[in-house]
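Asker: For reference, the structure I am asking about is given below.
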Amino acid sequence: MVARHRKTYHTINYALSIIEKKSLNDLLKEDRAELKIRYDKYINEDRIVFTTFHQSMSYEDFIEGIKPIEPLEEGGNISYKVVDGIFKQICKKAVVRNNDVFKVLDKFKSEIYEDEGKDPITIKSPTTTFDVIYKYGNVFHVSPLNTSKKEKPWYSVSIDNIISYYNTGILTGTNQTYTREITDYLIKNKNLNKSDIAIVDISNVPNYVIIIDEINRGNVSAIFGELITLIEESKRQGKAETLEILLPYSKEKFSVPKNVYIIGTMNTADRSVEALDTALRRRFQFIEMPPNYELEKLQNILIENISLSSLLKTINERIEYLLNRDHTIGHSYFLDISSVGDLKISFFKNIIPLLQEYFYGDYAKMSLVIGQGFFEKKKSLKDITWSITDNNIEKPEREVWNLKTTMADDEFIDAIKLLIGKNYDKK
């Protein structure tokens, strides 16, 4: 679980490390622009999928759900079908197939898919003749043509039973005649040949990554559902304790491939992290991303002889004392600064608004962090016009301060020097 500062920056490295099976240290030595190009390439190839959790995110978006389908022609009726969610889609791409039966079945389903307006095909054999069509889920629907019934009956044939019969030669489940005849049809007419079975080298199996940004902002228990159990490493496909579930909408058997990796990101300053499901916590490794004051790019930046590394460290030491270390600010606010103007923009557009949120507009505490140079006295007791004329009524003696919204460059630099104290010189 990647957390906190510069999480997006680090997420790219972690995703590439998983996809390319390289160490993070090796990737850090490479050119950042080149890493981003490769990351975008894997995004386009659906090897990496990016999503963001939010309060409206649901199981139906993440795993599968019934969705409305726009009619093919104007005035037509809206239909509904089971649609795969983000996570199920990447899992299906990642499944390690050791023969071509899956590819042949997927193609066959598309050829007779009722929702796409395809017609059933007729399969003739010495024992029976029947129509077969694919409607939904993990079954074919067949209807015998040599029936005496007035209404055309339809029966379900499990695709899992077809795969089992293809691999073992043993018929299982119901409607075994149709299971056998569909399998024989695929072998004879769709190039399903057992001599095409491939030997898979597990070490060369491609990895897939799903990145979930702001994972703590969704209702993770509701979104993951029964997958809370399936994402455990020991329960993945190919593991000794592999688990399969029957999905509620499609009625398909489903398990999570071991070559699918989940990267979740969050800001620990968001206290919603505490609401993370305990079961989900146990299934992730948490990696903290604290501000890095030793970055060469950060240490080499001097603005008016002020070290940005020292400036950031000073601010964060005060935040940690007044709040906690979870609220310290990241080094990303300082990495692209090359002038006084850039530093002013970072302060007034990023740092100060963040501190206002942290301290709920308490300027006294804010001044302890960034110094009084960013504030100006607004009014004192003598500047107030009172409606009460009785001078014997005691009025509190206090000062009212305003946060400065604009500052000249010289005034801003003086405020920064006041913030950092005497140790602003890098030397």
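Asker: Give Lys29/Lys417; Lys29/Lys92; Lys67/Lys349; Lys109/Lys239; Lys41/Lys344 a once-over and call out the pairs whose C-alpha atoms are over 31 Å from each other.
Answerer: Long pairs (Cα-Cα over 31 Å): Lys29/Lys417; Lys29/Lys92; Lys67/Lys349; Lys41/Lys344.
Asker: Can I ask one more? Roll a 1.4 angstrom probe over the protein heavy atoms and tell me the percent of accessible area of segment 35-140 that is carbon or sulfur.
Answerer: In segment 35-140, the share of accessible area belonging to carbon and sulfur is 50 percent.
Asker: Continuing with this model, one more query. Under a 5 Å amide H to amide H cut-off, with H placed in plane at 1.01 Å, what residues pair with Lys258 once short-range neighbours are removed?
Answerer: Sorted by chain and number, the residues that satisfy this are Gln237.
Asker: Return the FRET efficiency for the residue pair Asn292, Lys404: r is the Cβ-Cβ distance, R0 is 25 Å, and the value is rounded to the nearest 0.05. Provide the component values of the computation, followed by the final result.
Answerer: Values: r = 30 Å, r/R0 = 1.19.
Step by step, r from the Cβ atoms, then E = 0.25.
Asker: Roughly what would the spin-label model give for Asp115 and Lys349, points 7 Å off Cα along C-beta, in nm?
Answerer: 4.4
Asker: At 1.4 Å probe size, with the rest of the protein present, what percent of the exposed accessible area of segment 217-265 is carbon and sulfur atoms?
Answerer: Carbon and sulfur together cover 48 percent of it.
Asker: On to the next question. Once you have a ≥ b ≥ c as the square roots of the Cα gyration tensor eigenvalues for segment 6-89, tell me rounded if a/c is under 1.5, and otherwise prolate or oblate according to whether a/b is larger than b/c.
Answerer: The shape class here is prolate.
Asker: Further question: Which values, in whole Å and largest first, are the semi-axes of the equivalent ellipsoid of segment 112-175 obtained as the square root of 5 times each eigenvalue of the Cα gyration tensor?
Answerer: Taking √(5λ) for each Cα gyration eigenvalue gives 20, 16, 11 Å.
Asker: Quick check: convex hull of the Cα atoms in segment 36-157, volume per residue, rounded to a whole Å³?
Answerer: 179
Asker: Using label points projected 7 Å from each Cα along Cα→Cβ, tell me how many nm separate Lys41 and Asp342, to one decimal.
Answerer: 3.0
Asker: Here's something else I'd like to know. Using only the heavy atoms of the protein chains and a 1.4 Å probe, how would Arg47, Arg32 rank by accessible area, largest first?
Answerer: Details: Arg47 40, Arg32 65 Å².
Solvent-accessible surface, decreasing: Arg32, Arg47.
The values are calculated or read from the model by the stated rules, or taken from the named source; none is laboratory data. Everything numeric here is computed off the predicted structure, so don't read it as measured data. Please note: Cβ atoms are built from the backbone with ideal geometry, for glycine as well, and neighbour counts cover all protein chains shown. Keep in mind that these areas ignore ligands, DNA and RNA; they rest on the heavy atoms of the full protein, side chains included. Shrake-Rupley method; radii C 1.70, N 1.55, O 1.52, S 1.80 Å.
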